[in-house]
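Presented below is the structure to which this report refers.
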Amino acid sequence: RPGNGVQLVITNNKIIIRYWRGGAWQFLGYPGICRKKNAIKGNIRFHDIFTLMIYLPFLHTSDLPVPKEDWPTSQHYRRDTLNSICLKNNLSHSQSKLNHNIARQIFVEHTHKFLYCEVPKVGCSNWKKIILLLTMNLSRQAGEVSHDFVHQTPLIKRLSSYSSDYQEKLLTSYTKVMFTRDPLERLVSAYRDKLLHSEPYYSITVANEIKAMVRENKNSTEKVTFQEFVKFTLTKKQDDLDIHWKPMFLLCDPCNIHYDILGKFETLEEDAEHVLRSIQAPEGLQYPNFKKYDSEKRTSDDITLEYLGQLSSEQIQKIKKLYQMDFALFDYCYDLKMNLFVSDTV
């Protein structure tokens, strides 16, 4: 029986060794390597070999301590990974002014010199609540702010509302933050949130557009299935996708905006605490554990795999390609349970 610190996983004749790193399970696989809960091909790094050499003799112990990186080291690793992929794929470029669509995704809080790039389905509603409280200097908790209100209020400002020169000034002097999430989990979360509930625009307008494109019976009243949603999504160009399932790198342009903090949904509690500390937010302000549909289970690994299991192998391959830059830039991998391996092009 493998110990708690390192575990051995055998899948499709491949040996995968996983170990605890950066607050989540990381994976060593041959001939590839994976650093989370999935699998991705690439060169095995010295750090991974070193970790394997140290912990391999203890694979069958039950009291192996769990190695854990400190937060600055984790941030350094995330930035190095992102910069490397940006360079490899020629995604960094000089620009005279920030793209308007990118500027619209970034929210500004002046008192604490805070810029937050909104990535839907990665806890953005709660971050906007925090920005509202900071902007208004209100001594309340973010969980007390209405979900609908925070998405409609003009009280929190977007970077796009300022001149290009002032945007540049803010980008060079404020703390810039971006959060990401496993792309497949985010896709499933977007479907569950937008297509399975009664939000008019998505449950009626978008749903009818999907039905018109993929169903023979255009008048069917049944809810859009996940497979239909994916089929519809794959017909669109990346730039034309709805922001709730648009690739994250296109929303925040991390290859050209050098974010000071790269947070992850998977380590949200720890990363959020460091963000609030970095901008010197009031001591009592905390990131809330709040979900819009509180009675519904949060989209997890198991739920994600359940939905992905409804797709054809062809759809899986196309989804991999659609989000391949998100997987690479933000160091996410494909799920081991489904044996999804990225191509050597990234």
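The values are calculated or read from the model by the stated rules, or taken from the named source; none is laboratory data. Please read all numbers here as calculations on a predicted model, not as lab measurements. As a convention, Cβ positions derive from the backbone with ideal geometry for all residues, glycine included, and neighbour counts pool all protein chains shown. Side chains are part of the model used for accessible areas, which takes the heavy atoms of the whole protein and leaves out ligands, DNA and RNA. Shrake-Rupley method; radii C 1.70, N 1.55, O 1.52, S 1.80 Å.
Before moving on, here are some points about what is shown:
- Residue that is nearest to E168 (Cα to Cα) [pool: residues in region 84-99 that are of a type outside the set (S, T, Y) and loosely packed, with under 13 Cβ neighbours inside 10 Å]: K97
- Near pairs, Cβ below 6 angstrom, 6+ apart or cross-chain, from region 283-310 (over 14 Å from A272 (Cβ atoms) and open to solvent by 60 Å² or more (accessible area, probe 1.4 Å)) to any residue that is at pLDDT 85 or above and outside any loop (DSSP other than H, G, I, E, B): Q310/F226; Q310/Q227
- Filter pass, V119 being within 15 Å of the chain's Cα centre (by Cα) and crowded, with 20+ Cβ neighbours inside 10 Å: yes
- Conditions (1) β-branched (V, I, T); (2) in contact with a strand residue (DSSP E or B) (Cβ under 8 Å, 6 or more places away or on another chain); (3) open to solvent by less than 20 Å² (accessible area, probe 1.4 Å); number of the one not met by T135: (3)
- Residue within region 206-222 that is open to solvent by 30 Å² or more (accessible area, probe 1.4 Å), within 23 Å of T304 (Cβ to Cβ), free of Cβ contacts under 8 Å to residues at least 40 places away in the same chain and not hydrophobic (A, V, I, L, M, F, W, C) present: yes
- Any chance S189 is under 18 Å from K121 (Cα atoms), more than 20 Å from the chain's Cα centre (by Cα) and not in a strand (DSSP E or B): no
- Among the residues of region 75-82, some residue qualifies, meaning at least one is among the polar types (S, T, N, Q), under 30 Å from L159 (Cα atoms) and modelled with pLDDT of 55 or more.
- Filter pass, T225 being in contact (Cβ under 8 Å) with a residue 40 or more places away in the chain and out of contact with any helix residue (DSSP H, G or I) (no Cβ under 8 Å at 6 or more places or on another chain): yes
- Contact map, region 88-117: residues that are on the phi > 0 side of the Ramachandran plot paired with residues that are buried (at least 19 other Cβ atoms within 10 Å of the Cβ) and in a loop (DSSP other than H, G, I, E, B), Cβ distance under 7 Å, separation 6+ or inter-chain. Pairs shown: K113/Y174; K113/I279.
- Residue list for region 184-201, restricted to those being farther than 14 Å from F226 by Cβ and surrounded by 14 or more Cβ atoms within 10 Å (Cβ to Cβ): E199
- When residues in region 162-183 are screened for being open to solvent by 70 Å² or more (accessible area, probe 1.4 Å) and in contact (Cβ under 8 Å) with a residue 40 or more places away in the chain, 1 of them pass.
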